[in-house]
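Before we start, here is the structure in question, set down as structure tokens.
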Amino acid sequence: MMDCGVICFLGAGIGRAGDDRAGSPRRCRVLASGAPNRRAFKKQLEDGRARLCFVGMSNCGKSFRSNQLRETLGFNMISVDEEIEEVILPELEALGYKGIEGMAQWMGFPYEDRFKKNEKKYLEIEENITASVDPEEGQSFVLDTTGSVIYMPRPVLQSLRDNFLVVHFLASDNMVSEMIENYFKMPKPVSWGDSYNQMDGEDGDKALRRLHNAQVSESLIKTSLPAVKPSNSIHAKYHVFLRRCYPELLAARRKQYEQLAHVSIPAETSLSYDVSCDELLEITTDLLSPCYKSGI
């Protein structure tokens with residue numbers, strides 16, 4: 001059902017497996033092919049026909065900007081996270097769970113027996129919601145995706161690129177480091193794809209040594225185990241494996257978001273209250289090609 005490999009949109013100029021440039025932070029990144037040109041997007045905004053899709057890591061401004069577009073500029077919107085929670089809510093309530101913490105408890109951790117089953121169910125629900133999005137004519141629309149959108153099947157991802165201007169809010173290295181610490185203080189529900197692994201014969205000490213010596217791509221993490229106690233919900237035996245794998249998960253995700261998106265904007269910009277909704281749209285517009293390029 002899900003494709004957890006590296007997304008490769010051939011002909012787009014990025015996204016080939018092994019190309020570290022695809023994930024390198026930069027002020028802004030442009031990928032015009034497959035997207036409307038600058039003039040066309042301006043016209044879509046004027047006519048109320050713009051179609052935006054925000055992708056990126058958690059806490060990078062996707063929901064903030066989606067709600068802002070709805071409240072200030074009259075965009076229609078769908079929050080895929082909220083739609084998924086609504087579907088799963090009866091099951092959460094039956095277990096006495098609620099909120100984001102309850103969703104995390106329901107999902108579990110990748111070393112727990114229930115995780116694969118619940119992760120599969122979560123992604124199937126996400127796929128159904130994402131694939132069925134059909135914006136109304138005559139009103140601009142923004143799709144607020146989940147962090148796991150990159151695990152959707154290739155046809156769903158291609159449909160997003162074909163029907164929306166996909167905007168990535170790019171997390172900096174410092175922001176990713178903070179996300180790592182926050183996850184271990186208060187875990188969120190996470191789809192791990194292929195990023196969690198306990199190597200043959202690896203115990204906690206060996207994993208810790210690997211972590212000490214690890215250098216994730218783009219110098220994202222090069223550190224010893226931080227002095228953060230495991231969350232009560234994380235079994236101490238597995239804490240060190242999560243510590244090794246989670247930074248690798250985020251590094252891989254950042255590359256995949258960039259490969260999926262038409263344009264990337266620094267999350268510092270998307271999160272800034274000093275940047276208005278109109279200004280964010282101007283920044284997005286300026287990143288588009290001034291002339292039309294078809295296909296990917």
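The values are calculated or read from the model by the stated rules, or taken from the named source; none is laboratory data. In this text the structure is predicted, and so the values were computed from the model without any measurement. Positions of Cβ are backbone-derived with ideal geometry, glycine not excepted, and every protein chain shown enters the neighbour counts. Heavy atoms of the whole protein, side chains included, go into the accessibility calculation; ligands, DNA and RNA do not. Shrake-Rupley method; radii C 1.70, N 1.55, O 1.52, S 1.80 Å.
Go over the candidates Arg154, Arg161 one by one and state the one that is over 29 Å from Tyr111 (Cα atoms) and either open to solvent by less than 60 Å² (accessible area, probe 1.4 Å) or not small (Gly, Ala, Ser) (or both).
Arg161
Lys42 versus (1) within 13 Å of Asp144 (Cβ to Cβ); (2) touching a residue at least 60 places away in the same chain (Cβ under 8 Å); (3) open to solvent by 60 Å² or more (accessible area, probe 1.4 Å): which is the lone unmet condition?
Lys42 satisfies all of (1) within 13 Å of Asp144 (Cβ to Cβ); (2) touching a residue at least 60 places away in the same chain (Cβ under 8 Å); (3) open to solvent by 60 Å² or more (accessible area, probe 1.4 Å) except (1).
Is it the case that Met1 is modelled with pLDDT under 95, open to solvent by less than 10 Å² (accessible area, probe 1.4 Å), more than 30 Å from Asp286 (Cβ to Cβ) and of a type in the set (A, V, I, L, M, F, W, C)?
Working: modelled with pLDDT under 95: yes; open to solvent by less than 10 Å² (accessible area, probe 1.4 Å): no; more than 30 Å from Asp286 (Cβ to Cβ): yes; of a type in the set (A, V, I, L, M, F, W, C): yes.
So Met1 fails the test.
Next question, about the same structure. Provide a single number: the residues in the range 275-289 that are of a type outside the set (Gly, Ala, Ser) and within 15 Å of Thr72 (Cβ to Cβ). Write out each step before concluding.
So in the range 275-289, the residues of a type outside the set (Gly, Ala, Ser) come out as 275, 277-288.
When the remaining residues are screened for being within 15 Å of Thr72 (Cβ to Cβ), the result is 275, 277-282.
Of the residues in that region, 7 qualify.
Can you say whether Ile283 is surrounded by fewer than 18 Cβ atoms within 10 Å (Cβ to Cβ) and modelled with pLDDT of 55 or more, as far as the supplied structure shows?
It is true that Ile283 is surrounded by fewer than 18 Cβ atoms within 10 Å (Cβ to Cβ) and modelled with pLDDT of 55 or more.
Can you find a residue that is modelled with pLDDT of 95 or more, within 20 Å of Lys188 (Cα to Cα) and buried (at least 19 other Cβ atoms within 10 Å of the Cβ) anywhere in the range 137-145?
Yes, that holds for at least one residue.
Still on this model: Of (1) under 22 Å from Ala252 (Cα atoms); (2) open to solvent by 30 Å² or more (accessible area, probe 1.4 Å); (3) basic (Lys, Arg); (4) modelled with pLDDT of 95 or more, Arg27 satisfies all except one. Which?
(4)
Restricting attention to the range 66-101, and to residues there that are over 25 Å from Val55 (Cβ atoms) and not charged (D, E, K, R), which single residue is least open to solvent (accessible area, probe 1.4 Å)?
My answer is Leu92.
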